[in-house]
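Inspection log for the structure reproduced underneath, given as structure tokens.
The values are calculated or read from the model by the stated rules, or taken from the named source; none is laboratory data. These numbers come from a predicted model, not from an experiment. Here the Cβ is made from the backbone with ideal geometry for all residues, glycine too, and neighbour counts use every protein chain on show. For the accessible areas, the whole protein counts, side chains as well, though only heavy atoms, and no ligand, DNA or RNA atoms are used. Shrake-Rupley method; radii C 1.70, N 1.55, O 1.52, S 1.80 Å.
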Amino acid sequence: MSNQRRFQAPKGTRDFLPEDMAIRRHIETAWRETSTRHGFEEIEGPTFEHLGLYTVKSGEGIVSELFSFRREGGRDDYALRPEFTPTLARMVAARGPGLPRPVKWFAVPTHYRAERPQRGRLREFVQWNVDMLGLDSPTADAEVLATGISALEALGLDPSMVTVRISHRDAVALGLESLGVSSESMTSAFELLDRRDKMPPEVFAEKASALGLDDDGLSDFDRLARTRRSIRGDLADLASESGVAAEAFAPLEGLRDALVDAGLADWCEWDLGIVRGLAYYTGSVFEVHESGGRERAIAGGGRYDGLVELMGGPPTSAVGFGMGDVVLGLVLEDRGLLEEVRPAPPRVFVLSAGEDADRPAHRLLAELRRAGIHARRSYKTTRNVGKLLGEASRAGATRAVILGSELGEGRVQLKDLVSGEQELVPLDEVVRMISGSESANG
Ligand code: HAM
């Protein structure tokens, strides 16, 4: 009997083959470059934390999706990180007021959530976090949004393809209060509203009535949750359309001005249906969606002014977002924006056509690589140069160096695999010629 066992990757995880990894790096490079350009610095934290960090203030939705564990024989409970914000707040709280403000940090961590895997939702994913702390002004909200939008643009998306939907928890809370939701039930009401599309209407109605909404309240809420408007319009229109008192929208004025001034109005709209499931948000909240509404959110975030203090730090205003790689990848793929993305091809392929060429080929390869050139070789030795050239082309190389019969005279063939042109050049000139043409080509 055989001892063989076949293993599959755990449900909701991904294997990244080179082509998949190229896409992941393409997305992460856009995230990192955009963050740096906007003045954010990269940080990282542990992949697991004390369980309590998440039960403090993330909200029931995320707590029910934790991968938690205890070390064999240990007493402490841990959880794989389902998000980054509690870690970030813990880090800022630990440094206290000594940290120069504003704090502008970004991270590209991997997260773990025991969700039911489905399109756009996995159990392990990468999430870009951009957060700005210590500046209590809509300028901070606008700056993190500008950073998110700029990365989407760098990846080839435009305002016809994605929309940033923005709301404000105070405005929605005021609206809900006028419908009979008590302030103690507000967090549960936000969580329910965030999940309303994920449950049958009767379950929603039942949960809503437990929060104090009657039938009329439900339909008024529906009106509020469906209110969407251009951010260029008058905020008074938002009030009349949603049924919420106009003064509730005053906190959005500064944000609107900052977004319009930054030239981002085309990307953004008010959407009072956005409340966000996480419990710590305190002000503006936003999500990025594919414009056709076909996918789950590409990104989500908002203000969380109380979290650093809750972690034992000084009162600190904070705003940020998380953008996952899964939904973003689906949107980019649907738009044909990943077709050209593949593992980096070599600049040059070294071919030895004959056994006596093997060692010189090996030496040349080492020299090319030392000069910083991405060089590969064929590991086959054959006089069938055509076959070797086929291998070089398949690898995506644009040039090949063929070490053949002229090697005895110290010369090799340098072939341009795009034009097909070929010239006989001195072996000891090859590295200089290739690196020279590289810098000439930028
Ligand atoms: P979140 O809405 O839970 O927010 O997640 C943000 C984004 O992460 C989502 O829009 C989605 O793209 C991605 N994401 C979340 N869960 C999954 C999953 N199971 N599979 C694939 N992608 C997923 C937060 O996590 C907040 N901590 C963001 C934040 C940062 N707020 C302030 N700063």
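Residue count for region 309-320 satisfying the condition of being touching a strand residue (DSSP E or B) at 6+ places or on another chain (Cβ under 6 Å) and away from the ligand (no atom under 12 Å from the Cβ): 1.
There is no residue in region 56-76 that is farther than 21 Å from V326 by Cβ, modelled with pLDDT of 95 or more and part of a helix (DSSP H, G or I).
For every residue, the table says whether it meets (1) at pLDDT 80 or above; (2) more than 34 Å from the chain's Cα centre (by Cα); (3) part of a loop (DSSP other than H, G, I, E, B).
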residue	(1), (2), (3)
S188	yes, no, no
L193	yes, no, no
A208	yes, no, no
G217	yes, yes, no
F221	no, no, no
R232	yes, no, yes
E247	yes, yes, no
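Across region 337-353, the number of residues qualifying as open to solvent by 70 Å² or more (accessible area, probe 1.4 Å) and either in contact with a strand residue (DSSP E or B) (Cβ under 8 Å, 6 or more places away or on another chain) or of a type in the set (K, R) (or both) comes to 2. Yes or no: A189 open to solvent by less than 10 Å² (accessible area, probe 1.4 Å) and either out of contact with any Phe, Trp or Tyr (no Cβ under 8 Å at 6 or more places or on another chain) or not assigned by TED's automatic domain parsing to the domain that holds R226 (or both)? Spelling it out, A189 is indeed open to solvent by less than 10 Å² (accessible area, probe 1.4 Å) and either out of contact with any Phe, Trp or Tyr (no Cβ under 8 Å at 6 or more places or on another chain) or not assigned by TED's automatic domain parsing to the domain that holds R226 (or both). Filtered by the rule that a residue be surrounded by 19 or more Cβ atoms within 10 Å (Cβ to Cβ) and of a type in the set (S, T, N, Q), region 354-412 gives a lone residue, S378.
Only a single criterion out of (1) open to solvent by 60 Å² or more (accessible area, probe 1.4 Å); (2) small (G, A, S); (3) in contact (Cβ under 8 Å) with a residue 60 or more places away in the chain is not satisfied by S64, namely (3). Please work out if G148 is modelled with pLDDT of 95 or more, more than 9 Å from the ligand (Cβ to nearest atom) and farther than 24 Å from W270 by Cα. Considered against the rule, which asks whether it is modelled with pLDDT of 95 or more, more than 9 Å from the ligand (Cβ to nearest atom) and farther than 24 Å from W270 by Cα, G148 comes out as no.
Screening R294 against (1) of a type outside the set (A, V, I, L, M); (2) more than 16 Å from the ligand (Cβ to nearest atom); (3) open to solvent by 50 Å² or more (accessible area, probe 1.4 Å); (4) on the phi < 0 side of the Ramachandran plot leaves a single unmet condition, (2).
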